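One structure is given here, and the rest of the page talks about it.
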C-alpha cells in the first residue's frame, strides 16, 4: 500500500542543502588559456630539441686556445648510433640564431626554410659565426679568469670545447632535419609561436590553441551554474524488524543494559617508590542524520576535475559542481539536462547514505570490553501478570521526504590556476620525545684498583757458617730452600732480605725475583737456575703467562774466589716476600667489568630504542588523530589562494607588472564589481598526470632522527636508533623499496588520502586540502554578479583579457529551430547596453547567428529568470525561492519533472527510510502448536 503524501502537506523542512550543476560552454577561445598552453608547448619543444641534440657527435678540433685568436676546425655534427651519457647543450646558439635570422630575411616561406637549413648553407654559416665564437670565448674567459687563474690553459680548452660542441651539434640537427622534414615542420619547430612539437604524438597537435577543436572545447571562458536546493521533511515513524527477544515469567522483571566499556590503567612502581597512574575517559555519542550525511558526502566528494564533480562552499551551503560540458546555449535544454543529472546524482546519493546509516546500527544488549569509553542505556521490563509475557525489541524507523527545488541560474567565468597550493603554509607538528627511563639501570662500578705491591709474611732462616768450609762458590746457602706461597691472584715480585744476626758484610736470598738467574751453586745439578725455584703461571693463549718465585735459598754472598777465615758465624736472616697482582687476576677483573659494562650498554641501548619507538608510535598515533580544521575555513583559505593567483595572472595578461599594492587593489575591486568572488567554485585537477615531489614518512619523523627502514647502521647511545626489521614489520612483501611507504600502528587512525601516493599531507587538513596541495592546477569558476553580465562580457572579451577569438564563429544549433527561438527572444529584448544591438537583431538572419549572439541570448534569459525570482506572486508575501518555507511540504504529482515549466519550481521528490537509535519493546504472543506469532 502506497504512502498517502497528502497527509503531510504543509510540514516545514527541518534542514536543506544547496546543490548545483556547472556546465561549461563551447565556442569561445580563451586568450589566457591559449597563452597557457603555448607556454607548455614551448617547453615541450625545448625538451624535444634537447633530446634530439643528445643524438649527435660534434665534429671539431682545437689547434690553439689563445684567448684573442683561437684556432680550430669546426664541422657539421653527425648522428651517433646511441645516446651518450654526456649532456650536450641545446639549440639556442649562434648558428641557430643565424639560420632563423636568414629565414626571416628571406621571407619566412617554405623556400627560405629549405634553403637556409640545407647542409651547404649551415656548413658555410659555421665559417660566418667564427667571429661570434671568438667574442663569446673572450667573454666567457674574461668573466671567470680570476676563478681559474691556477688552471687557465685547461679552462680555456674546456670553454672553447663547450662552444664548439654546441654549434657543431646545432649544425648537424639542422642539416638532418632539412633532409628529413618538410619546411612547414621546420617552421613549427623553430618558430617562437610554436604550433606543434616535431616527432611528438598527434595529441600535441590537438592541443594547439590556434587550430585544435579539442582545445577550443576546454578553453571557453564562460559557463552556467544551475542551482538547486534539497529539502528534508520528517514525515512519519514506524517500528522496524525485531532486533532482540526477551521473555518474562509471571511477577518477574528484567533489566536490559546496553553497555560498551573499556578501561586502561597503567600502574608502575620503581625502587624509589614513585607511582604513576594514567587513566583516560572519553564519552562519545553518535547521531546519524540524513541531511548531515548528505552534507558530509558533499564535502567528501573527491572526484575532481574538468569532466568529474566537486563540492564547494556557496554562501550558506554546499554546491556539488558536477561538470557537464555543453555546446548548446539554450537555457531550457541546459536546465533539463541539469535536472536529470541532479535527480540521478542526489537520488543515488541519499539512497546510498540511508543504506549506510541503516547498516551502521547494530544492537548488542550487553557488551563489555576493556576500554575507558563508556556509553550505556538501561531498560527495565516487569511482568505483573500471572502469565508468561514475550517482548520483541524493535528499532524505531523514520520516513524522511526529500524534495529538490530549482533555485536559479548564474552565468560564470572559468579560468585555470597552476600550482594553487604553493602559497599555503603547513602546520609544524610539535612533539617532544621523552628521554628513556634509566632509573632501573645501574652503571657498573669500576673495580677498585689493586695495590701494585703487597708484603707477605716474613720468613726467618737460621744457620751457621764455618770458616773451615773450603768451597769457593760465590753463594753459599745456610739451609734448605724456603717455600714462597703467593696469595690467590698474585705472583712474587721480589724478596726483601734483612740480616738479624751475623756479619753485616754479605747475605742474600736467591732468586730475589723471577728474573734472578745469575747465581750458581756448586757444580752439580742444582746449578740449573729456576729448576724448582721459579714456576710458570697463566696461559699464553690469553696473554696471561708469566713466572713467579715459589722457593728461595737464603745464604751468604761471597766475593770472587770465595771467603776463608778462622771465625765461626751464627746467622739469622729474615726474608719478606713482596707480591704483585698476576696478569690472570687483572684480566679477570677487567673482563668482569667489561662484561658488566657491555650488559649495561645493551640494556641502555634497548631502553633508548624502546623510548625511540614508543615515541615514534606515539607520534604516528597523535599525528593520525589530529582533528582537521573546519571545512569552511579550509575552503576559504583555498579560495583566497586561488583568488590571489588569479588576480596575479590577470595583471600579467593585462600587462601590469608593477608591484604597487594600490594598483593591485584597484584591479581587484574592478574584478569584484563584476564577479561574485565569495561564491567562487574551484575544481581540483588530479595529480596522476603530473608527478610531484613526495614527502616520505621518514621525512615526517625526521625530528626523532629516524633513518631509512632498511638502514642497519650502528647504534650510538644518546642518538636516535635506526628503524630496523625488528621494529618495523612488513606484510606480504610490504617492505619492498618504495619511496612512498608510510608508518602506521594498531592504535593510529586510518592514513589520510594521498599517503600511498607520496602526497604532501597537511595534518590538520581534510582530503580536499591534501588534494589541493598536490594539484597541478585548479579550474576556478566564478559566478557573475547579478545584473553585471553585460559589463563582465565586455571586460572578458577585451583584447587585454580573454580576447574575442571565436565569438564571431557561426553558432551550431543543438536542436531544430533553436536559433529561430533565440532570435525571437533577442528581437523582443529592449534593455540592450548598446543602441546598435537592437537594429542588428531586427535584421539578423538565422544563418549569420554567431557564438556572441548565443551568449547574449543566454544573458537575457538568465536575467529574465533572475528578475522573476525578485517578484512576489499575486497575494503573496514571499519570493518564489522561499515558497517551500512558507507552504511547507507540497506533494509533487508524478515525483519528477525534467523539463522546466515555471521558474523556481519543486521538480523532484522521494522518500528515504532511516533507522534511529531508539529500541521499542512490543508485546507479542505465539501459538504453542505452530510456533507462529499470533
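Here, each number is a calculation from the coordinates, and none is a lab measurement. Everything numeric here is computed off the predicted structure, so don't read it as measured data. Note that each Cβ is placed from the backbone with ideal geometry, even for glycine, and that neighbours are counted across all protein chains shown.
Take every Cα-Cα pair in the stretch 794-934 and report what % of them are more than 22 Å apart. Distances greater than 22 Å cover 65 percent of the Cα pairs. Using the empirical formula 2.2 N^0.38 Å as the baseline, the Cα radius of gyration of the stretch 571-669 reaches a ratio of 3.03. Taking other C-beta atoms within 10 Å as the exposure proxy, 431, 494 rank 431, 494 from fewest upward. Divide the volume of the convex hull around the Cα atoms of the stretch 747-799 by the residue count and you get 117 Å³ per residue.
When 871, 920, 402 are sorted by how many other C-beta atoms sit within 10 angstrom of their C-beta, beginning with the fewest, the order is 871, 920, 402.
Sorting the segments 534-546, 475-487 by their mean number of nearby beta carbons within 10 angstrom, highest to lowest, gives 475-487, 534-546. As a rough footprinting exposure proxy, the listed residues 68, 614 were ranked by other beta carbons within 10 Å of their own, and the order from fewest upward is 68, 614.
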